[in-house]
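> Structure provided below as structure tokens; questions to follow.
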Amino acid sequence: MSKLIFITGAGSGIGRAAAMLFHEQGWFVGGCDANQASLEQLSRELKDRNALTCLDVRDKSALEVALADFCDQANGALDIMFNNAGIATGGYFEEVPYEKTVDMVNINLVGVLNGFYAAIPYLRKAENSLCISTSSSAAIYGAAGMAVYTATKYAVKGFTHAMSVELARYGVRVADVMPGIIDTPLWQGTRYKQGRPAGNYAKMPEMNSNRTDSARTIAPSEVAKAVWDAYFGDQLHWYVPPELEESDKATSADYQKRRDEIILERRR
């Protein structure tokens with residue numbers, strides 16, 4: 001029997017790359033996305049060993065039904081739950097429409113909580129199971145113009161730490177992956193100015209494509225590989241690229257210093 005992974009936000013970017021990688025390794029891939037067309041395309045490419053459902057991770061009941069149906073084929077066991085769905089909306093906090101802010105919180109954070117609620121019963125039935133979520137390098141320090149996105153990713157990081165302790169009593173492992181600049185559709189999220197759309201961040205991956213430091217553009221497949229490694233490893237946070245870990249440690253050692261550095265950089 002193939003091992004099972006369920007991926008939220010499976011239709012594009014990191015989720016899609018993870019679906020392709022795990023399928024290539026012989027796993028049965030389940031997943032969901034709010035975009036039906038992207039799921040149909042992914043299913044055609046995978047050809048077999050897949051069960052993909054169009055749903056919104058904000059809908060806890062729909063996610064629970066999808067997980068139950070998917071895990072039924074393995075006597076109710078799930079090897080990996082990958083809470084990956086997320087969106088990015090930017091702009092100064094008070095200039096972003098309230099409903100757009102709430103959407104980010106409900107997808108990026110509540111969607112992860114929904115994933116945990118739905119998956120825990122099935123993860124408990126699989127040996128060495130893993131619940132992994134997509135956090136972000138945004139959870140290293142506060143990014144102006146992305147305050148709420150940053151807050152949701154800090155929350156996922158902290159929740160991961162707490163749940164890694166809680167779920168240890170069941171033998172379920174918990175981790176997160178913390179990507180930097182990844183070439184995904186996430187950057188197409190709207191940037192707002194004074195409550196109105198004022199572009200997006202689509203040029204960000206190209207702008208960082210020639211960099212060689214931790215801010216360089218990374219392919220989604222590298223994040224998928226980190227998720228694969230997480231199943232066979234024991235790290236709490238998986239940084240992509242790995243150099244981000246040093247940035248995280250330096251920021252944690254002196255948050256005020258890092259804040260002052262960022263403010264100074266923005267004034268130049």
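The values are calculated or read from the model by the stated rules, or taken from the named source; none is laboratory data. Because the structure is a prediction, the values reported are computed rather than measured. With ideal geometry, Cβ positions are generated from the backbone for all residues, glycine too; neighbour counts draw on all protein chains shown.
> Considering the stretch 18-41 alone, what residues qualify as being crowded, with 23+ Cβ neighbours inside 10 Å, of a type in the set (A, V, I, L, M, F, W, C) and within 28 Å of Ala202 (Cα to Cα)?
Looking only at the stretch 18-41, we keep the residues that are crowded, with 23+ Cβ neighbours inside 10 Å, and these are 18-19, 22, 29-33, 39.
Those left that are additionally of a type in the set (A, V, I, L, M, F, W, C): 18-19, 22, 29, 32, 39.
Selection gives Ala18, Ala19, Phe22, Cys32, Leu39.
> Restricting to the stretch 94-149, name every residue that is part of a helix (DSSP H, G or I) and among the acidic types (Asp, Glu).
To start, the set of residues in the stretch 94-149 that are part of a helix (DSSP H, G or I) comprises 94-95, 98-123, 137-139, 147-149.
Once the filter is applied, which keeps residues that are part of a helix (DSSP H, G or I) and among the acidic types (Asp, Glu), the stretch 94-149 yields Glu94, Glu95, Glu99, Asp103.
> Cβ-Cβ under 6 Å, sequence separation 6+ or interchain: first residue in the stretch 43-55 and more than 21 Å from Gly115 (Cα to Cα) and aliphatic (A, V, I, L, M), partner at pLDDT 95 or above and buried (at least 16 other Cβ atoms within 10 Å of the Cβ). Which pairs?
Correct list of pairs: Leu46/His23.
> Here's another thing I want to ask about it. Just name the residue that is modelled with the highest pLDDT out of those in the stretch 60-82 that are part of a loop (DSSP other than H, G, I, E, B) and out of contact with any strand residue (DSSP E or B) (no Cβ under 9 Å at 6 or more places or on another chain).
Filtering the stretch 60-82 down to residues part of a loop (DSSP other than H, G, I, E, B) leaves 75-79.
Then keep just the ones that are out of contact with any strand residue (DSSP E or B) (no Cβ under 9 Å at 6 or more places or on another chain); that gives 75-76.
On the way: Asn75: 88, Gly76: 94.
Applying the filter and picking the extreme gives Gly76.
> Six or more apart or on different chains, Cβ under 8 Å: which pairs go from a residue in the stretch 89-108 that's on the phi < 0 side of the Ramachandran plot to one that's of a type outside the set (Asp, Glu) and loosely packed, with under 15 Cβ neighbours inside 10 Å? Could you list them?
Tyr92/Ala144; Tyr92/Lys193; Glu95/Lys193; Glu95/Gln194; Glu95/Gly195; Val96/Gly195; Pro97/Gly195; Thr101/Phe93
> Then there's this: Considering only the stretch 160-186, state which residues are assigned to a loop (DSSP other than H, G, I, E, B) and more than 23 Å from Ala10 (Cα to Cα).
Within the stretch 160-186, Gly171 is the sole residue that qualifies.
> Please go through the stretch 103-127 and pick out each residue that is of a type outside the set (S, T, N, Q) and out of contact with any helix residue (DSSP H, G or I) (no Cβ under 9 Å at 6 or more places or on another chain). Step through it out loud before you land on a result.
Just the residues of the stretch 103-127 that are of a type outside the set (S, T, N, Q), to begin with: 103-105, 107, 109-113, 115-127.
Correct list: Asp103, Glu127.
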